[in-house]
Amino acid sequence: MIKTRFAPSPTGVLHVGGARTALFCWLFGKKMGGQFVLRIEDTDLERSTEASVQAILDGMAWLGLDHDEGPYYQTQRFDRYAVVIQQLVEQGDAYYCACSKQRLETLRETQMANRQKPRYDGCCRDLGLKPDDKQTLVIRFKNPQQGEVSFIDHVKGEIIVSNQELDDLIIARSDGSPTYNLSVVVDDMDMEITHVVRGDDHVNNTPRQINILKALGATCPEYAHLPMILGEDGKRLSKRHGAVGVMQYFEDGYLPEAMLNYLVRLGWSHGDQEIFSIDELIEYFSLDDINRSASTFNTDKLKWINQQYMMNRPLGEIVTLVENRLGGLQIEYESGPEFDNIIDLYRQRTSTINDLVDSIRYCFEDFDEYDAKAAKKALRPVALEPLNLLLNQLSELDNWEKNTIHLVIERVTEQLELNMGKVGQPLRVAVTGGSFSPPIDETVAIIGRETSLARISKAISYISSK
Ligand code: GLU
């Protein structure tokens with residue numbers, strides 16, 4: 001059975017790159033009817049935090065990237081790593097090394113001075129050192145000295161590395177704790193991972209890991225190393241480019257489905273198609289279609305995709321998201337068909353839930369100021385006459401409905417022989433505070449009688465006081 005894993009180090013939030021890796025692992029697992037394992041690589045005790053673990057779990061939950069196994073924690077598997085390290089020593093594939101920091105430093109400097117690649121020279125390889133009581137010895141893997149390591153990467157193609165390029169890496173520190181390459185190998189082996197999908201910052205580790213796996217007699221997984229994600233300035237994506245933690249996008253009012261859709265397109269494509277349902281992704285996804293070159297994170301494109309989802313998700317879902325946001329802002333509103341109607345109107349014109357909420361606040365809250373530009377243009381003395389007529393005639397309306405309101409506005413334009421804009425726009429600025437809203441009759445209907453009339457009166461006073 002196919003098994004993938006996402007193996008984040010909990011040293012920060014789940015960032016965009018990590019989320020994309022998780023998504024590709026998850027998708028491939030789903031596509032192949034396999035399993036997806038979540039493994040928390042928390043061996044770096046100084047940099048790993050509980051909060052980061054939680055942030056990663058939250059990010060994955062928000063995106064709906066559910067795992068079939070785990071989360072496993074590497075800190076709970078130290079005993080197992082120790083067993084494997086001893087096994088490697090006993091079978092002659094690893095050895096104790098007593099080289100001092102100073103010796104290694106001098107070695108390194110000499111190599112650099114001779115323009116050689118810094119590498120361990122195998123000084124203790126054949127000394128047969130035994131552990132000492134003071135625990136000052138590290139353990140190194142005996143990397144083969146002949147031959148080469150090769151593997152076919154699903155993204156990068158065939159990779160061949162000569163064993164002479166690889167030195168004897170440390171697999172256990174002097175306190176016995178395992179290093180990254182050792183713990184990853186043991187886990188991938190024990191968890192029976194068949195496909196390792198990860199960032200290409202790890203591609204140089206792969207030949208080393210393959211050698212250890214072979215020494216352990218394990219089957220090597222297949223590999224796919226994902227190219228980097230760059231910011232729009234061509235530099236590696238980082239905080240400088242704005243939000244990098246996926247939960248920031250939740251805060252900012254993006255939909256998880258849109259985020260997934262955007263993430264999948266960072267390095268993977270299927271013809272010209274931009275919008276994919278999850279089922280389509282599972283159907284079309286293939287590790288072999290991942291681009292070899294880096295992809296660029298583009299917020300405008302993410303916004304565009306989000307807008308598509310805002311328009312096309314079931315209205316009820318959008319309503320719930322808006323309600324949650326309004327609740328968070330402690331804005332009172334009355335739910336019901338009219339409320340849904342406003343949201344339906346506005347979701348066509350806004351690109352995030354936060355934009356939508358900002359655009360409809362005027363329905364539930366009085367505003368203190370008009371949008372300056374809108375007021376300057378629409379709330380001028382020429383608007384007094386239409387606003388007064390509207391106030392009178394609207395206050396006499398029996399049924400406060402879009403159609404009846406429409407008739408009043410039409411009647412006023414006829415009486416004053418004005419075009420629609422000269423009547424509708426002052427009315428819009430009066431009731432919404434800005435120059436942008438759904439059709440004005442609908443807007444006035446939604447805002448309600450009392451509020452609309454009060455706001456028209458207020459606009460009349462505003463113009464008169466100028
Ligand atoms: N823990 C590593 C990281 O967060 C990933 C290791 C792996 O995927 O092999 O970069």
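The values are calculated or read from the model by the stated rules, or taken from the named source; none is laboratory data. A quick note: this is a predicted structure, and the numbers were derived from the prediction, not measured. A quick note on method: Cβ atoms are made from the backbone with ideal geometry, for glycine too, and the neighbour counts reach across all protein chains shown. For accessibility, only protein heavy atoms count, side chains too; no ligands or nucleic acids. Shrake-Rupley method; radii C 1.70, N 1.55, O 1.52, S 1.80 Å.
Once you measure Cβ to Cβ distances between cysteines in the chain, which Cys have no partner under 4.7 Å?
CYS25, CYS99, CYS123, CYS220, CYS363
Note down the nm distance, to one decimal, between modelled labels 7 Å out along Cα→Cβ at ASP132 and at PHE436.
Here the answer is 7.1 nm between the modelled labels.
Using alpha carbon centroids, what distance separates the range 212-266 and the range 8-69, in Å?
Cα centroid of the range 212-266 versus Cα centroid of the range 8-69: 10 Å apart.
Dipole of the range 322-387, Cα-centred, from +1 at each Lys and Arg C-beta and -1 at each Asp and Glu C-beta, to the nearest 20 debye?
Charge dipole, the range 322-387, about its Cα centre: 480 debye, nearest 20.
Just to be sure I understand the model, the point goes 7 Å from the Cα along the line to the Cβ. What's the resulting ARG240 to ASP68 distance in nm?
Between ARG240 and ASP68, the simple spin-label model gives 4.1 nm.
What does the helix-only formula give at 222 nm for the chain: each DSSP H stretch with n ≥ 4 adding -39500 (n - 2.57), the total divided by the residues, and the result rounded to the nearest 500 deg cm²/dmol?
That comes out to -14500 deg cm²/dmol.
Can you compute the FRET efficiency between GLU222 and ASN341 using 1/(1 + (r/R0)^6), with r the Cβ-Cβ distance and R0 = 51 Å? Round to the nearest 0.05.
That gives a FRET efficiency of 0.45.
Which angle between 0 and 90 degrees, to the nearest 10, do you get for helix 337-347 versus the longest principal axis of the chain when only C-alpha atoms count?
Compared with the principal axis, the helix lies near 60 degrees.
Compute the accessible area per residue over the range 1-50, keeping the other protein chains in place, probe 1.4 Å, unit Å².
Result: 38 Å² per residue.
If r is the Cβ-Cβ distance from SER465 to SER395 and R0 is 22 Å, what FRET efficiency results, to the nearest 0.05?
0.55
Project the alpha carbons of the range 226-299 onto their principal axes and report the range along each, largest first, in whole Å.
For the range 226-299, the Cα spread along each principal axis is 35, 28, 18 Å.
Tell me the Rg and the Dmax, in Å, that the Cα atoms of the chain produce.
Rg then Dmax for the chain, in Å: 31.7, 105.
Angle, helix 180-190 long axis vs. longest principal axis of the chain, Cα atoms, 0 to 90°, nearest 10?
Taking Cα atoms only, the helix is inclined about 90 degrees.
Would you work out what percent of the accessible area of the range 171-290, with all protein chains in place, is carbon or sulfur (probe 1.4 Å)?
46 percent
Could you look at the range 371-466 and say what percent of its accessible area is carbon and sulfur, using a 1.4 Å probe and all protein chains?
Here carbon and sulfur together make up 51 percent of the probe-accessible area.
Can you tell me which lysines have their Cα less than 24 Å from the Cα of LYS377? Leave out same-chain residues fewer than eight positions away.
LYS422, LYS458, LYS466
Restricting things to alpha carbons, find the Rg to Rh ratio for the range 337-430 using the Kirkwood radius for Rh.
1.00
Looking at the P(r) of the range 1-107, how many percent of alpha-carbon pairs lie beyond 21 Å?
51 percent
Can you spot the aspartates and glutamates whose alpha carbon is less than 17 Å from LYS134's alpha carbon? Ignore those fewer than 8 places along the same chain.
Straight-line reach from LYS134, under 17 Å: ASP175.
Calculate how steeply helix 16-31 sits against the longest principal axis of the alpha-carbon atoms of the chain, using the helix alpha-carbon long axis, and give the answer as 0 to 90 degrees to the nearest 10.
With rounding to tens, the tilt is 80 degrees.
Setting aside same-chain residues fewer than 8 positions from LYS301, which lysines have a Cα under 20 Å from its Cα?
Partners within reach: LYS235, LYS239.
How big is the dipole moment of the chain about its Cα centre under a simple scheme where the beta carbon of each Lys and Arg is +1, that of each Asp and Glu is -1, and everything else is neutral? Debye, nearest 20, please.
1600 debye
Roughly how many nanometres apart are two label points built 7 Å out from the Cα toward the Cβ at LYS373 and THR11?
Going from the LYS373 label point to the THR11 one covers 4.6 nm.
Between the range 267-316 and the range 388-442, what's the alpha-carbon centroid distance in Å?
Here the two parts' Cα centres lie 42 Å apart.
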